[in-house]
Amino acid sequence: MADSILIVDDEEIIRESLSFILTKEGYRVREAANGRIALEILREDSVDLVLTDLEMPEMKGIELLEQVTRFSPETLVVIITAYGSIDTAIAALRKGAVDYILKPVEFDELLVKVQRLLSSRRLNVENKLLRGEINRQYDFENIVGQSAAMQRVFETIKKVAATDGTVLIDGKSGTGKELVARALHFNSKRAGKPFIAVNCGAIVENLFESELFGHKRGSFTGATMDKEGFFKAADGGTLFLDEVSEIPFQLQVKLLRAIELKEITPVGTALPISVDVRIVASTNKNLAKEVEAGRYREDLFYRLNIIEVNLPSLTERAEDIPLLVQHFVSKHAQEMNKPVKGVDNEVMKSLLAHSWKGEIRELENIIERAVIFAEGNLITKQDLPSFFEQRQDAVYAFDARRSMKDAVDEFERQYISHVLRANQFNKEATAKALKISLSSLYRKIEELDIPSQG
């Protein structure tokens, strides 16, 4: 749809001439003889740009500008003014007008300004929509998981997202640490600013300082131009240091200084630069043990570990596997435009029984592959990799020679044991996860001879 423009001027000849030129260029144009009529039009219909004279009866251009910026902030306002009223035009710019045009109006100049302003507006609207999509994509409520272990993670994110506190996310590779880091950022006051993710394990050791803090041209061999480091690129936003345990020991003190003083010194200069960055770090190593072994600075560890988020492994949250499976099936089926709706029972049993060494990343890769090979609405066993074997000792494994009662008892024994372990043997949390009363849980533990502590 063409962009819409409202021309507001008490001189009919100006309205008609501007309307003729802009309509010829493909814009949808409406006219108003004064500010009061213009407001009535704006309340009935959305307008992309308003061209308004300053001096008009009933309502002056400045008052119209104030009204528009109050109830329709997305609408651009351009002031049309005589040369002698230039000071008033500048005052209008301070009140929210995006530009001004002098009388007599040069049509070529007008068309260039209108095209530039509306193109910029479209880009801004698209960016806001994109940011909204990103916010929804990384909303912590959309991180898949209903287990008690994941609910604790959600509660932590909810509490700390709005703060500027440094966060350390620990968990095995593939558990979704970057997803949590993005959720922290996009649910914070920094959501409109950059989120910069840095894989510390992928940076060559002698380039760490330059990559983090930047460098000046000629500061070392190969430095042919100035470089902005990750800290500066994330200014105002969040810097996610993935696998922070891989930062070289000799650089750790500089990282500590940058975090504490909120300033960096690029390689090749002695002048510090102030930066406003929130640090979120992640590790798949036990940093406390790294400190004990002398491989990590204790002061940096404590500075990073102000708020800790521990991501459970898939084994600890196995009851989330069906939810994750359905999430990944829907995601990849949509991307590939395939009619796959889910997995059959045999596949689900195999997925629940599998030992997920690669965690959620491995699960998603398996589902993506299965969606590619699937020929019907459901993923079947033949769509899984050949190495994918069902473990007979896992939850849901069964022996067809057993009686129904024995099979049900064994299922309950294994499942309740698994949920107990996932909830660190907290009986109340386990009962809540199983959706049974606490007394029922205690009865099941006694009847089925289930270990009730680790």
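Label positions at residue 442 and residue 380, each projected 7 Å from the Cα along the C-beta direction, are separated by 4.9 nm. Taking the C-alpha atoms only, the angle from helix 438-447 to the longest principal axis of the chain is near 30 degrees. Phi angles of the stretch 343-353 translate, via the Karplus equation with coefficients 6.51, -1.76, 1.60 and θ = phi - 60°, into HN-Hα couplings of 10, 7, 4, 5, 5, 4, 4, 5, 5, 5, 8 Hz per residue; Gly and Pro are given as x. Axis angle, to the nearest 10 degrees, between helix 148-160 and the longest C-alpha principal axis of the chain: 30 degrees. Of the peptides 360-371, 91-102, the ranking by mean beta-carbon count within 10 Å, highest at the top, reads 360-371, 91-102. Normalising the average separation of contacting C-alpha pairs (under 8 angstrom, six or more residues apart) by the number of residues puts the relative contact order of the stretch 185-320 at 24 percent. Taking the longest Cα principal axis of the chain as reference, the axis of helix 61-71 is set at about 10 degrees.
As a proxy for reagent exposure, ranking 411, 231, 186, 20 by other Cβ atoms within 10 Å from fewest up yields 20, 411, 186, 231. Listed by chain and number, the lysines whose alpha-carbon sits under 20 Å from that of residue 24, ignoring those within fewer than 8 places in the same chain, are 113. Along the stretch 191-207 the Karplus relation, 6.51 cos²θ - 1.76 cosθ + 1.60 evaluated at θ = phi - 60°, assigns HN-Hα couplings of 4, x, 9, x, 10, 10, 9, 10, 8, 5, x, 9, 9, 4, 4, 6, 10 Hz to successive residues, with x for each Gly and Pro. Distance between the modelled labels on residue 292 and residue 43, one decimal in nanometres: 7.2 nm (7 Å Cα→Cβ projection).
Please work out the Kirkwood hydrodynamic radius for the stretch 144-310, using every pair of different C-alpha atoms, and report it in angstroms with one decimal place. Don't skip to the end; give the middle numbers.
Numbers: mean 1/r = 0.0608 Å⁻¹.
Result for the stretch 144-310 stands at 16.4 Å.
Here the gap between residue 388 and residue 16, fully extended at 0.36 nm per residue and compared with their Cα-Cα distance, gives a gain of 126.5 nm.
The Cα-based radius of gyration and maximum Cα-Cα distance (Dmax) for the stretch 138-192 are 10.7, 31 Å. Kindly state, to the nearest 0.05, the FRET efficiency for residue 82 paired with residue 426, given R0 = 60 Å and r defined as their beta-carbon distance. So the FRET efficiency works out to roughly 0.20. Placing a pseudo-label 7 Å from each Cα along the Cα-to-Cβ vector at residue 271 and residue 233 gives an inter-label distance of 2.3 nm. Take each peptide in 208-220, 437-449, count the other Cβ atoms within 10 Å of every residue, and average; sorted highest first, the result is 208-220, 437-449. Once backbone amide H atoms are built at 1.01 Å from N, residue 273 has 264, 265 as its partners under 5 Å, excluding neighbours fewer than 5 places away on the same chain.
Where a number appears in this text, it was derived from the coordinates with a stated rule and is not lab data. Keep in mind that this is a model prediction, so the values were computed, not measured. Quick reminder, even Gly has a Cβ in these numbers, built from the backbone with ideal geometry, and neighbours come from all protein chains shown.
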